[in-house]
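Taking it in order: structure first as structure tokens, then the write-up.
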Amino acid sequence: MKNRGVSLIEVIIYISLVIITFFLSFNTFFKLLEKQKLRKDIFEIVSTFRKYQKKSEINGIYIPIFIDLENNEIFFDKKTIKLSEEFKYLSKNKDENISFERYFTNKGNLNKGFSILIYNKKNRLMAEISFDNSNSLEYPIINVKGIKL
């Protein structure tokens, strides 16, 4: 038999394999990108809280914190953190879900603990940041669940 080249069926199979591989890698890339943005947001929140907690403890002053989860913002004394618009932020607090206020005491502890839940666009829980205060400790315990920093 003569070698006639590549048949139409072989071309269709090769093209479909390339397309399937492209979509699988594309989906994986966007999941990695989403996790990276989530890590960045969590790191910024935790590091800013630690910074102002230490500032409050060292200087012996009260520092107010206003958390506006509806507009994806956290206001510290003079600094504002703008959170990513790609995620939905909620709180586990019983009485306040959208906006609430806390402050660092002059000893560097929070007046009341709280949690921030982070959901993606598909309403899947991605991470939880818990700020726990205890009278026996001099600083709040910050727990991050759902993602490794």
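The values are calculated or read from the model by the stated rules, or taken from the named source; none is laboratory data. Note that this is a predicted model, so its numbers are computed, not measured. Glycine also receives a Cβ, built like all others from the backbone with ideal geometry; neighbour counts cover every protein chain displayed.
A few notes on this one:
Each row is one residue, and each column tells you yes or no for (1) among the polar types (S, T, N, Q); (2) surrounded by 10 or more Cβ atoms within 10 Å (Cβ to Cβ); (3) over 22 Å from Asp132 (Cα atoms).
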{"site": "Ser7", "(1), (2), (3)": "yes, no, yes"}
{"site": "Leu17", "(1), (2), (3)": "no, yes, yes"}
{"site": "Asp41", "(1), (2), (3)": "no, yes, no"}
{"site": "Arg50", "(1), (2), (3)": "no, yes, no"}
{"site": "Ile63", "(1), (2), (3)": "no, yes, no"}
{"site": "Ile67", "(1), (2), (3)": "no, yes, no"}
{"site": "Asn72", "(1), (2), (3)": "yes, yes, no"}
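- Yes/no for Ile42 being aliphatic (A, V, I, L, M), at pLDDT 90 or above and farther than 17 Å from Gly146 by Cβ: no
- Number of the condition not met by Phe66 [criteria: (1) among the hydrophobic types (A, V, I, L, M, F, W, C); (2) modelled with pLDDT of 90 or more; (3) over 21 Å from Pro140 (Cα atoms)]: (3)
- The set of residues in the stretch 74-89 that are under 18 Å from Ser130 (Cα atoms) and under 16 Å from the mean Cα position of the chain (by Cα) comprises Ile74, Ile81, Leu83, Phe87, Lys88, Tyr89.
- Scanning the stretch 1-39 for residues that are within 30 Å of Ile81 (Cα to Cα) and free of Cβ contacts under 8 Å to residues at least 24 places away in the same chain returns Asn27, Thr28, Phe29, Phe30, Lys31, Leu32, Leu33, Gln36.
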